[in-house]
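This report refers to the structure that appears directly beneath it.
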Amino acid sequence: ANCAAPSPPSPEDTPASPTSNVESSPASGLGASAGTPADGACSEPDKPSGGKKAGKQPGAKGVGRMQKLAVCDTRDHFPDCCAACGLELTREGAQAYTGWDEIDIAGKPTGQIGLSLQVTRHRLHGVACACGHMTRAAHHVAPDDQLWDGVELGEWRLVGPRLAGAIVFLSLRMRLSRARIREFFIELFDLQLSTGVLDETIREAGRAMAPLEDEMVREIEEAALLHADETPWKEAGKPLWLWVFAAAHTTLFFIGSRSLEILSNVLTNAFEGQLMTDGYLAYRHLGNRLRCWAHLLRKVQGLTESTDARVVCAGKAMQDVLHTLMEAIYLARATPGHENGALASQYALQIARLRTLCEQHRGDPHGKLRSLAVEFLLDWDVILRQVSEPHLPLTNNAAEQALRHWVIARRISYGTRSEAGTRAFALLASVIETCRKRAVSSWVYIATVIAAARKGV
């Protein structure tokens with residue numbers, strides 16, 4: 001920080017340092033980009049011997065903060081009124097009794113590029129009232145939340161909101177491990193932050209985003225077209241699923257079991273839009289559903305690559321019909337004034353041919369051919385909706401593209417390590433992807449939310 005340190009404070013003005021164990025490692029934090037596994041190693045991360053959980057063990061000697069930081073600015077906090085009688089207080093005779101230092105990214109003048117760090121000393125003052133009571137200013141601390149066990153949210157933090165937003169961005173969007181984020185700040189800013197502080201910051205950011213979840217769910221339910229998909233995820237080795245719900249301007253992630261529970265929590269009766277999915281059975285109870293043709297074409301392609309000539313023949317016949325219908329749908333989209341339903345009557349023979357193929361092979365001894373034929377018949381009307389309504393999408397690419405970045409993060413990090421870490425990961429991923437869809441800086445937005453949440457807003 002390019003600023004001079006002020007004169008040494010008096011003993012009562014000396015701030016208490018926020019917790020910062022330089023050598024600590026998160027025992028229950030986000031596994032996504034957490035610790036050394038996120039450095040890209042192909043092998044499974046080493047498991048602690050003796051059944052111990054990862055991270056510093058109870059009773060281990062801590063290491064305090066060693067780096068000395070020059071204070072750039074001082075902010076004083078005073079009580080507004082007497083806690084005993086309620087009388088409005090002046091600042092006359094105020095005495096600082098404690099405080100903390102906060103490192104943050106400084107704001108820059110318009111037109112200036114680059115970032116710099118500044119250290120702000122926050123001092124809490126006590127003021128004596130005429131009634132004789134001494135009232136002390138207090139920093140805001142959010143009450144305990146059972147959904148965020150061990151995750152604190154409040155003003156007394158070493159890492160400021162903008163710096164916290166940058167850490168979240170580096171971890172989730174850039175997929176850097178805690179160790180590499182620590183190296184990043186040492187190399188570029190000469191700032192030493194422990195991996196424990198980094199992990200606490202990311203989980204705190206997740207808790208700060210929690211109030212946004214209901215708003216994003218509401219926007220998902222109001223979407224005219226929604227893409228949904230799921231992919232495997234792990235939490236401390238436990239198999240879970242990462243779900244995505246992608247609308248035009250909002251993307252929402254959840255991590256949980258692969259069951260109807262997630263769908264019932266997100267897509268209530270309020271959802272009246274079109275839902276594009278794959279063939280997973282959990283979606284079949286929902287109305288206004290669309291099926292992804294890309295998934296079907298991949299399965300048909302698999303049949304054409306079989307070593308069984310009979311299966312190859314059936315697969316190629318299905319493939320020809322699907323390609324013919326797809327070309328007709330694309331042509332209809334390019335034709336102005338095309339009426340819905342016209343393609344269904346125009347290509348009735350091809351549709352009937354596909355139906356006959358499925359009926360013939362619904363009891364076929366070849367497992368994959370039989371399974372695909374039954375899948376077509378069970379979802380027949382849903383699969384062919386685009387033929388009658390060619391303006392509807394043919395693929396679930398929007399959901400798959402939304403998942404791709406996080407699938408890579410999962411392969412690097414081996415998932416998350418705790419319930420709080422899992423919840424933080426899903427919330428932060430949702431906010432980042434939604435900001436990107438709306439062409440808004442996710443770093444600035446997350447920093448703004450953290451700053452408000454720390455003050456109880």
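For every residue, the table says whether it meets (1) at pLDDT below 90; (2) open to solvent by less than 60 Å² (accessible area, probe 1.4 Å); (3) polar (S, T, N, Q).
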residue: Gly55; (1), (2), (3): yes, yes, no
residue: Met66; (1), (2), (3): yes, no, no
residue: Cys72; (1), (2), (3): no, yes, no
residue: Cys81; (1), (2), (3): no, no, no
residue: His125; (1), (2), (3): no, yes, no
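What is the number of the single condition among (1) open to solvent by less than 50 Å² (accessible area, probe 1.4 Å); (2) touching a Phe, Trp or Tyr at 6+ places or on another chain (Cβ under 9 Å) that Val407 does not meet?
(2)
Scan segment 352-361 and tell me whether some residue there is over 21 Å from Tyr330 (Cβ atoms) and in contact with a Lys or Arg (Cβ under 8 Å, 6 or more places away or on another chain).
yes
Only one of (1) touching a residue at least 12 places away in the same chain (Cβ under 8 Å); (2) β-branched (Val, Ile, Thr); (3) open to solvent by 20 Å² or more (accessible area, probe 1.4 Å) is not met by Ile186, so which one is it?
(1)
Out of all the residues in segment 376-401, which are touching a residue at least 24 places away in the same chain (Cβ under 8 Å) and among the charged types (D, E, K, R)?
Asp379, Arg385, Glu389, Glu400
Does Glu200 satisfy being of a type in the set (D, E, K, R), modelled with pLDDT of 95 or more and buried (at least 21 other Cβ atoms within 10 Å of the Cβ)?
In short, yes.
Which of the residues belonging to segment 359-375 are under 18 Å from Leu297 (Cβ atoms) and in contact (Cβ under 8 Å) with a residue 60 or more places away in the chain?
Lys368, Leu369, Leu372, Glu375
In this structure, does Gln95 turn out to be in contact (Cβ under 8 Å) with a residue 24 or more places away in the chain, polar (S, T, N, Q), open to solvent by less than 60 Å² (accessible area, probe 1.4 Å) and out of contact with any Pro (no Cβ under 9 Å at 6 or more places or on another chain)?
no
With the condition kept exactly as written, say whether any residue in segment 390-398 is of a type in the set (Gly, Ala, Ser), at pLDDT 95 or above and open to solvent by less than 10 Å² (accessible area, probe 1.4 Å).
Checked segment 390-398: no residue is of a type in the set (Gly, Ala, Ser), at pLDDT 95 or above and open to solvent by less than 10 Å² (accessible area, probe 1.4 Å).
Any chance you could count how many residues in segment 158-193 are of a type outside the set (A, V, I, L, M, F, W, C), outside any helix (DSSP H, G or I) and in contact with a helix residue (DSSP H, G or I) (Cβ under 7 Å, 6 or more places away or on another chain)?
Residues flagged as of a type outside the set (A, V, I, L, M, F, W, C), outside any helix (DSSP H, G or I) and in contact with a helix residue (DSSP H, G or I) (Cβ under 7 Å, 6 or more places away or on another chain) within segment 158-193 amount to 3.
Would you please name the residue that is farthest from Val197 (Cα to Cα), looking only at residues in segment 83-111 that are in a strand (DSSP E or B) and among the β-branched types (Val, Ile, Thr)?
Thr98
Can you pull out the residues in segment 300-311 that are open to solvent by 30 Å² or more (accessible area, probe 1.4 Å) and assigned to a helix (DSSP H, G or I)?
Matches in segment 300-311: Gln301, Gly302, Ala309, Arg310.
Taking the residues in segment 342-385 that are touching a strand residue (DSSP E or B) at 6+ places or on another chain (Cβ under 7 Å) and open to solvent by less than 10 Å² (accessible area, probe 1.4 Å) as candidates, determine which candidate is farthest from Arg284 (Cα to Cα).
Looking at residues that are touching a strand residue (DSSP E or B) at 6+ places or on another chain (Cβ under 7 Å) and open to solvent by less than 10 Å² (accessible area, probe 1.4 Å), I get Ile383.
The values are calculated or read from the model by the stated rules, or taken from the named source; none is laboratory data. Here the structure is a predicted model, which is why all the values come from computation and not from measurement. Note that each Cβ is placed from the backbone with ideal geometry, even for glycine, and that neighbours are counted across all protein chains shown. The area values use the complete protein model at the heavy-atom level, side chains included, leaving out ligands, DNA and RNA. Shrake-Rupley method; radii C 1.70, N 1.55, O 1.52, S 1.80 Å.
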